[in-house]
Amino acid sequence: MQNTKQKRNKIRPLAWPLALTIAALGAAVLVSTAPMAQDAAAPAEAPAAEAPAAPPVDPLVQKGEYLARAGNCISCHTRPGGEPFAGGLAFSLPAPYTFLGQIHSTNITPDAETGIGTWTEEQFIRAMHEGVGADGSRLLPAFPYTAFTLTTTEDVKAIYAYLKTVAPVKYTAPSNGIAFAMRWPMMFWNALFFKEGRYQPDAKQSDEWNRGAYLVEGLGHCSACHTPRNLLLAERSDKKFSGGTQPDLVAEGKVRTWSAANLTSAPVGLGGWSVDQISKYLKLGHSTKAGIFGPMNEVIVNSLQHLTNEDAKAMAVYIKSLPPIDDVPKQTLTEEQKTAGEALYKKHCDECHIASGRGAFMKAPPVAGSAIVQAAHPASLINVILYGAKVGKGGPAPFGAWEDMPSFATKMNDAEIATLANFLRSNWDNKGGPVTAADVAKQR
Ligand code: HEC
Ligand code: HEC
Ligand code: HEC
């Protein structure tokens with residue numbers, strides 16, 4: 001993916017900007033993990049009377065730290081093994097654009113030379129709200145300014161105040177693929193797909209709903225992963241939150257695709273989840289419906305677990321209200337396909353997920369009605385079977401959290417996994433399009 005075979009060609013002014021526009025566009029994609037140490041300092045809750053010795057914490061900085069967590073800045077702005085916020089994490093575009101090369105997150109520590117130490121508050125606000133860098137160049141939407149634009153100026157100022165207090169680090173990220181050197185084509189992409197503006201509360205809804213919408217749509221940038229993208233990699237507004245895919249750079253040159261679940265209230269999405277089950281999942285990393293693994297690990301470990309119960313609940317209330325989008329096909333298996341799939345399920349899965357597919361207390365969450373099983377794109381279902389399901393390092397491990405699910409990569413071949421996946425996607429009341437052995441091979 002790294003080598004872009006393009007040549008600079010000054011005489012072809014059209015082809016080049018076009019390629020760039022296509023390239024630059026969505027980039028919005030996803031990331032690999034950046035396991036971070038959690039430091040103390042939870043928001044608010046002033047410790048009563050005790051411990052007057054601790055240095056006073058500026059409430060603005062404290063608020064900014066909380067909001068920076070809600071925006072998960074640290075996951076994207078920390079490379080594996082690197083200092084927090086110093087940048088350098090590589091992002092790959094999804095196929096067919098991988099050849100355009102990688103994008104790297106930048107250093108947002110207050111180092112004057114290599115970070116944002118000399119940025120004024122106005123410049124920072126402009127980056128968050130308009131996707132424009134300090135030097136006036138357009139930023140790539142791998143930085144989710146398309147969502148952050150909804151954040152109030154007051155909240156952005158708090159994040160700025162907080163970032164000024166993190167340890168400055170001298171570090172410059174590797175340069176991006178050559179296709180991303182020119183920024184002006186982003187003007188066209190922005191004109192087509194970017195709507196600048198702050199969140200407008202909906203007066204017909206409760207304060208709680210509005211708070212949830214503000215966090216989910218804005219700093220939480222959930223739609224960056226959970227919405228399918230068009231050919232120019234912009235989120236499709238007609239399919240918002242119905243599930244997307246993102247490439248995860250697992251090793252140099254190796255991208256593994258994940259599919260994010262449908263978060264709408266369709267039966268193939270979170271239709272069967274209560275507000276309580278959603279908010280527990282977000283805050284604790286598990287509920288009776290599911291546990292975390294894959295790309296949600298970093299979202300919950302670095303971001304959502306640090307939110308207050310009230311904010312996690314508000315997000316759940318908003319998510320629960322998302323109108324259903326149910327666009328996955330139902331497949332009908334032949335008797336042989338069904339028998340073969342059922343046999344594999346009995347042999348490998350039944351012990352924990354049981355015959356009814358409803359899972360079992362302390363053993364495993366349900367696969368009947370699961371948003372992962374029924375996702376439009378089967379990547380995450382295949383990944384769970386191939387690699388198992390594990391909570392990431394630093395994840396919450398409250399009482400009752402799921403154990404890890406083992407990997408089956410060596411226990412079944414691609415055709416068997418496809419047969420099993422099709423059984424899961426059509427048995428009980430589940431729905432989901434066909435999975436082929438070739439789909440499984442791609443995830444190996
Ligand atoms: C999904 C990944 C992702 C998340 C989350 C993210 N960023 Fe970024 N950010 C990037 C990437 C990639 C770039 C580089 C964009 C470019 O080169 O145009 C960037 C660039 C920036 C820039 C411009 C810096 C410069 O030197 O031009 C700022 C400021 C910034 N991010 C702040 C933040 C803050 C604050 C948060 C959290 C509220 C955040 N980012 C969350 C990926 C992310
Ligand atoms: C980095 C991309 C990414 C972001 C950002 C993201 N998600 Fe996810 N999400 C995924 C993927 C991929 C899956 C399916 C695999 C997994 O669980 O990791 C998923 C799964 C889920 C599930 C279903 C879990 C299950 O097992 O059924 C819920 C609920 C969810 N995400 C909520 C959210 C919310 C709320 C946000 C915003 C705060 C969010 N996600 C942000 C990628 C993302
Ligand atoms: C030893 C018990 C065990 C076995 C055997 C097992 N699983 Fe799991 N499975 C789990 C646990 C526990 C989780 C939740 C783990 C987590 O998210 O941290 C899980 C999660 C899942 C999920 C994600 C559900 C969701 O909506 O988030 C799917 C899909 C799944 N398993 C499918 C299978 C299939 C298919 C098999 C057989 C090949 C299988 N499992 C075998 C224990 C098991």
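The values are calculated or read from the model by the stated rules, or taken from the named source; none is laboratory data. From a predicted model like this one, the values you see are computed outputs, not experimental measurements. Backbone-built Cβ (ideal geometry, glycine too); neighbour counts: all protein chains shown.
Looking at Gly285 and the list (1) at positive phi; (2) among the small types (Gly, Ala, Ser); (3) at pLDDT 95 or above, which single condition is not satisfied?
Here Gly285 meets the rest and fails (3).
Taking segment 391-416 as the search range and keeping residues that are away from ligand 2 (no atom under 16 Å from the Cβ) and aromatic (Phe, Trp, Tyr), which one is surrounded by the most Cβ atoms within 10 Å (Cβ to Cβ)?
Ranking the qualifying residues of segment 391-416, first place goes to Phe408.
Tell me which residues, restricted to segment 90-109, are within 20 Å of Tyr171 (Cβ to Cβ) and surrounded by fewer than 19 Cβ atoms within 10 Å (Cβ to Cβ).
Those that are within 20 Å of Tyr171 (Cβ to Cβ) and surrounded by fewer than 19 Cβ atoms within 10 Å (Cβ to Cβ): none in segment 90-109.
Working only within segment 246-266, note down all residues that are within 15 Å of ligand 1 (Cβ to nearest atom) and either touching a Leu at 6+ places or on another chain (Cβ under 8 Å) or closer than 30 Å to Leu322 by Cα (or both).
Filtering segment 246-266 for residues within 15 Å of ligand 1 (Cβ to nearest atom) gives 246-249, 258, 260.
Of everything in segment 246-266, those that are within 15 Å of ligand 1 (Cβ to nearest atom) and either touching a Leu at 6+ places or on another chain (Cβ under 8 Å) or closer than 30 Å to Leu322 by Cα (or both) turn out to be Gln246, Pro247, Asp248, Trp258, Ala260.
Identify, from the list His286, His226, the residue that is in contact with a Gly (Cβ under 8 Å, 6 or more places away or on another chain) and under 30 Å from Ile125 (Cα atoms).
Being in contact with a Gly (Cβ under 8 Å, 6 or more places away or on another chain) and under 30 Å from Ile125 (Cα atoms) holds for just one of His286, His226, which is His226.
Return the residues of segment 309-340 that are of a type in the set (Val, Ile, Thr) and either surrounded by 15 or more Cβ atoms within 10 Å (Cβ to Cβ) or part of a helix (DSSP H, G or I) (or both); say none if nothing qualifies.
Listed by number, the residues that qualify are Val317, Ile319, Ile325, Val328, Thr339.
When segment 281-308 is examined, which residues are found to be in a helix (DSSP H, G or I), away from ligand 3 (no atom under 13 Å from the Cβ) and not β-branched (Val, Ile, Thr)? Talk me through it step by step, then tell me what you get.
Taking segment 281-308 as the starting set, the residues that turn out to be in a helix (DSSP H, G or I) are 281-284, 296-302, 304-306.
Those still in the list that are away from ligand 3 (no atom under 13 Å from the Cβ) too: 282-283, 298-299, 302, 304-306.
The answer is Leu282, Lys283, Glu298, Asn302, Leu304, Gln305, His306.
Just one of the numbered conditions (1) modelled with pLDDT under 95; (2) crowded, with 23+ Cβ neighbours inside 10 Å; (3) closer than 28 Å to Gly64 by Cβ is not true of Asn190; which one?
(2)
When segment 279-289 is examined, which residues are found to be out of contact with any Ser or Thr (no Cβ under 6 Å at 6 or more places or on another chain) and surrounded by fewer than 24 Cβ atoms within 10 Å (Cβ to Cβ)?
Lys283, Leu284, His286, Ser287, Thr288, Lys289
Of the numbered conditions (1) touching an Asp or Glu at 6+ places or on another chain (Cβ under 7 Å); (2) within 11 Å of ligand 2 (Cβ to nearest atom), Ala266 fails exactly one; give the number of that condition.
(2)
Taking Gln374 as the residue in question, decide whether it is in contact with a Lys or Arg (Cβ under 8 Å, 6 or more places away or on another chain), more than 30 Å from Pro84 (Cβ to Cβ) and more than 13 Å from ligand 3 (Cβ to nearest atom). Break it down stepwise before answering.
Details: in contact with a Lys or Arg (Cβ under 8 Å, 6 or more places away or on another chain): yes; more than 30 Å from Pro84 (Cβ to Cβ): yes; more than 13 Å from ligand 3 (Cβ to nearest atom): no.
Considered against the rule, which asks whether it is in contact with a Lys or Arg (Cβ under 8 Å, 6 or more places away or on another chain), more than 30 Å from Pro84 (Cβ to Cβ) and more than 13 Å from ligand 3 (Cβ to nearest atom), Gln374 comes out as no.
On the basis of being touching a strand residue (DSSP E or B) at 6+ places or on another chain (Cβ under 6 Å), buried (at least 22 other Cβ atoms within 10 Å of the Cβ) and of a type in the set (A, V, I, L, M), does Ala375 make the cut?
On the way: touching a strand residue (DSSP E or B) at 6+ places or on another chain (Cβ under 6 Å): yes; buried (at least 22 other Cβ atoms within 10 Å of the Cβ): yes; of a type in the set (A, V, I, L, M): yes.
When the stated conditions are applied, Ala375 passes them.
Inside segment 171-231, counting only helices (runs of 4 or more DSSP H) that do not spill past its ends, which hold 1 or more residues that are free of Cβ contacts under 8 Å to residues at least 24 places away in the same chain, out of contact with any strand residue (DSSP E or B) (no Cβ under 9 Å at 6 or more places or on another chain) and outside the structural domain of Ala316 (by TED's automatic domain parsing)?
Qualifying helices (runs of 4 or more DSSP H): 186-193, 207-214.
In segment 125-137, how many residues are surrounded by fewer than 20 Cβ atoms within 10 Å (Cβ to Cβ) and either of a type outside the set (S, T, N, Q) or more than 8 Å from ligand 1 (Cβ to nearest atom) (or both)? Walk me through how you get there before you give the answer.
Restricting attention to segment 125-137, the residues satisfying the condition of being surrounded by fewer than 20 Cβ atoms within 10 Å (Cβ to Cβ) are 125-126, 129-130, 132-137.
Next, only the ones that are either of a type outside the set (S, T, N, Q) or more than 8 Å from ligand 1 (Cβ to nearest atom) (or both) stay: 125-126, 129-130, 132-136.
Number of matching residues: 9.
Within segment 326-342, identify whether any single residue is within 30 Å of Ser75 (Cα to Cα), more than 16 Å from ligand 1 (Cβ to nearest atom) and either over 19 Å from the mean Cα position of the chain (by Cα) or free of Cβ contacts under 8 Å to residues at least 12 places away in the same chain (or both), and answer yes or no. It would help to see each step written out before you state the result.
Our first condition is that a residue be within 30 Å of Ser75 (Cα to Cα); within segment 326-342, this holds for none.
Checking segment 326-342: not a single residue is within 30 Å of Ser75 (Cα to Cα), more than 16 Å from ligand 1 (Cβ to nearest atom) and either over 19 Å from the mean Cα position of the chain (by Cα) or free of Cβ contacts under 8 Å to residues at least 12 places away in the same chain (or both).
Evaluate the following for Gly87: is it surrounded by 19 or more Cβ atoms within 10 Å (Cβ to Cβ), within 15 Å of ligand 2 (Cβ to nearest atom) and at pLDDT 65 or above?
No: the conditions fail for Gly87.
Taking segment 346-370 as the region of interest, how many residues are within 9 Å of ligand 3 (Cβ to nearest atom), assigned to a helix (DSSP H, G or I) and either outside the structural domain of Phe293 (by TED's automatic domain parsing) or surrounded by fewer than 20 Cβ atoms within 10 Å (Cβ to Cβ) (or both)?
So the count comes out to 5.
For segment 146-159, which positions are assigned to a helix (DSSP H, G or I) and touching a residue at least 24 places away in the same chain (Cβ under 8 Å)?
Thr146, Ala147, Phe148, Thr153, Asp155, Val156, Lys157, Ala158, Ile159
Would you mention how many residues in segment 57-115 are closer than 20 Å to Ala161 by Cβ, in contact with a helix residue (DSSP H, G or I) (Cβ under 8 Å, 6 or more places away or on another chain), part of a loop (DSSP other than H, G, I, E, B) and within 11 Å of ligand 1 (Cβ to nearest atom)?
Here the count works out to 5.
Checking the condition touching a Phe, Trp or Tyr at 6+ places or on another chain (Cβ under 6 Å), closer than 18 Å to Tyr345 by Cβ and aliphatic (A, V, I, L, M), which residue from Ala409, Ala418, Ala389 passes? Break it down into steps so the answer makes sense when it comes.
Details: Ala409 fails: touching a Phe, Trp or Tyr at 6+ places or on another chain (Cβ under 6 Å); Ala418 fails: touching a Phe, Trp or Tyr at 6+ places or on another chain (Cβ under 6 Å).
Only one candidate qualifies: Ala389.
Taking the condition out of contact with any strand residue (DSSP E or B) (no Cβ under 6 Å at 6 or more places or on another chain) and assigned to a loop (DSSP other than H, G, I, E, B), does Tyr162 pass? It would help to see each step written out before you state the result.
On the way: out of contact with any strand residue (DSSP E or B) (no Cβ under 6 Å at 6 or more places or on another chain): yes; assigned to a loop (DSSP other than H, G, I, E, B): no.
No.
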